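**Student:** Below you will find the structure I want to go over with you.
Readers should treat all values here as calculations from the given coordinates under stated rules, not as data from a laboratory. Bear in mind that the values here come from a model prediction, so they are computed numbers and not experimental data. Glycine also receives a Cβ, built like all others from the backbone with ideal geometry; neighbour counts cover every protein chain displayed.
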Amino acid sequence: MKFNKIFLLTVVAFWLFTLAKGQNTIGKMDDMGRIALNPWVPEQVENMPNASSVNLLNKLGLIATRYGMGSSELNPRFIISANVVVQSKDITSTAPPMHALTLEITLYIGDGIDGKLFASTSIFIKGVGANETKAYTAALKSLDPANKEIQRFMEEGQRKIIAYYNSRCDFIIKEAQMQESQHQFDQAIYTLMCIPDVCLDCYNKAMDAVAPLYKNKIDWECKAKVNGARTAWSAGLDRRAADDAAGILSTIDPYAACFSEAVTLTGEIAKRVKEIDGREWDFKLQKEIGLEKDRIKAWRDVGVAWGTNQPKKVVYKSFW
């Protein structure tokens, strides 16, 4: 009895470890399945040389990447940003004279679109260089992503973003449903698929919502595509017209409600083409996808395609 209990606890512990590891792996690899922080440095940072602003932006990117939250153009909502305040600026008495800076770097994680702050922390760094730009470079180089305070800051930011999704989950799903009602299916799927899988409760609700949404999308598109294929075929009733129709029919999802109509039309075209020139029409419709993971990939691909085609310019709000 004792052995069975120990064995059961071992199995459960291993399962939890595997699940957590799997989620972390997904989080680092999948732009639409993880929390992503986009580095941003506003123009009004205190008299900072342009080269130093670029260095700061790169440092913010390194910090986000270290904690598995590297930036994503597909989900630009959340940012990691910084403000720099010069605490002291001196010229050393050494030969040759050097520029010495003491900087207070305040890091921020937040919703860059709504301007909501999730986490912040301040760190003091110093740098010495032959000129002011090199002094900034030296100081920023000393900003260590492994710093315990930065680690705490990143963990707090991640917790707050997860809470953000969980608290607004019903609103996000209603937003997707509104987009669906306007036949903006791809955008609706994108809205749902942007919910990170680490936000488990909300992610599961989104997955439950995206399945019927995707079905409505392919059903609505199927009708238009079958009609388009009929029009293309009727325009010539020859092999060229058949190939034009095939280009449309090949994009119909086999799970669509009107897929049987596509099958019937394909048969009619094949029969007529063979009557015309005695050759078989070499065209096959899509086959059904058997694995659930492939279906989820199909949903995700729709969201990725929609997000990729959107304008990349985002106007962020600062937190100070």
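**Student:** Could you line up 113, 172 from fewest to most neighbouring Cβ atoms inside 10 Å? Before the final figure, lay out each step's value.
**Tutor:** Values: 113 14, 172 18.
Result, fewest neighbours first: 113, 172.
**Student:** Quick check: net charge around residue 187, other residues with Cβ under 12 Å of its Cβ, Lys/Arg +1 and Asp/Glu -1? Can you show the working numbers first?
**Tutor:** Working: positive: 217; negative: 175, 180, 186.
Taking every Cβ under 12 Å from that of residue 187, the sum is -2.
**Student:** Among 55, 91, 161, whose Cα projects farthest towards the positive end of the dipole of the chain, with charges put on the beta-carbon of Lys, Arg (+1) and Asp, Glu (-1)?
**Tutor:** Going by the charge dipole, the pick is 91.
**Student:** Shifting gears a bit: Based only on other Cβ atoms within 10 Å, what is the fewest-to-most ordering of 255, 214? Don't skip to the end; give the middle numbers.
**Tutor:** Values: 255 16, 214 22.
By the 10 Å Cβ count, ascending: 255, 214.
**Student:** Contour minus end-to-end for residue 293 and residue 200, with contour as 0.36 nm per residue of separation and end-to-end as the Cα-Cα distance?
**Tutor:** On the way: separation 93, 0.36 × 93 = 33.48 nm, distance 1.72 nm.
Contour length minus the Cα-Cα distance gives 31.8 nm.
**Student:** If you average the C-alpha positions of the stretch 204-231 and of the stretch 82-96 separately, how far apart do those two centres end up, in angstrom?
**Tutor:** Their Cα centres are 61 Å away from one another.
**Student:** Take the alpha carbon atoms of the stretch 31-167, find their radius of gyration, then divide it by 2.2 N^0.38 Å using N residues; give the quotient.
**Tutor:** Details: Rg = 16.0 Å, N = 137, 2.2 N^0.38 = 14.3 Å.
My calculation over the Cα atoms of the stretch 31-167 gives 1.12.
**Student:** For the stretch 169-308, list log₁₀ I(q)/I(0) at each q in 0.17, 0.19 Å⁻¹, using the Debye formula over Cα point scatterers of equal strength and ignoring solvent, two decimals each.
**Tutor:** Reported log10 I(q)/I(0), two decimals: -0.90, -1.02.
**Student:** Among 301, 197, 238, which one shows the biggest mean-square fluctuation in a GNM of the chain, springs joining Cα atoms closer than 10 Å?
**Tutor:** 238
**Student:** At a 10 Å Cβ-Cβ cut-off, how would you order 99, 183, fewest neighbours first?
**Tutor:** Numbers: 99 19, 183 13.
Fewest-to-most ranking of 99, 183: 183, 99.
**Student:** Work out how much length residue 238 to residue 92 would gain on full extension: take 0.36 nm times their residue separation and subtract the Cα-Cα distance, in nm to one decimal.
**Tutor:** 44.0 nm
**Student:** With no solvent and one point on each alpha carbon, what is the Debye value of log10 I(q)/I(0) for the chain at q = 0.09, 0.15 Å⁻¹?
**Tutor:** Relative scattering, expressed as log10 I(q)/I(0), comes to -0.67, -1.14.
**Student:** How big is the dipole moment of the stretch 169-308 about its Cα centre under a simple scheme where the beta carbon of each Lys and Arg is +1, that of each Asp and Glu is -1, and everything else is neutral? Debye, nearest 20, please.
**Tutor:** On the way: 19 positive and 23 negative charges, 63 e Å.
Using Cβ point charges on Lys, Arg, Asp and Glu, the stretch 169-308 gives about 300 debye.
**Student:** I've got another one for you. Calculate for the chain the 222 nm mean residue ellipticity that helices alone would give, adding -39,500 (n - 2.57) per DSSP H run of length 4 or more and normalising by residue count, nearest 500 deg cm²/dmol.
**Tutor:** Values: 10 runs with 179 residues, N = 320.
After summing the helix terms and dividing by residue count, I get -19000 deg cm²/dmol.
**Student:** If you don't mind, another one. How far apart, in nm, are the 7 Å Cα→Cβ label points at residue 211 and residue 124?
**Tutor:** The two pseudo-label positions are separated by 5.7 nm.
**Student:** Given a Förster distance of 56 angstrom, what is the FRET efficiency for residue 159 paired with residue 131, based on the Cβ-Cβ distance and rounded to 0.05? Each step should come with its number before you reach the end.
**Tutor:** Working: r = 41 Å, r/R0 = 0.74.
Plugging the Cβ-Cβ distance into 1/(1 + (r/R0)^6) gives 0.85.
**Student:** Run a plain Debye calculation on the stretch 64-112 (Cα atoms as equal point scatterers, no solvent) and give log10 I(q)/I(0) at q = 0.13, 0.21, 0.23, 0.28 Å⁻¹, rounded to two decimals, same order as the q list.
**Tutor:** Log10 I(q)/I(0), no solvent term: -0.53, -0.79, -0.86, -1.04.
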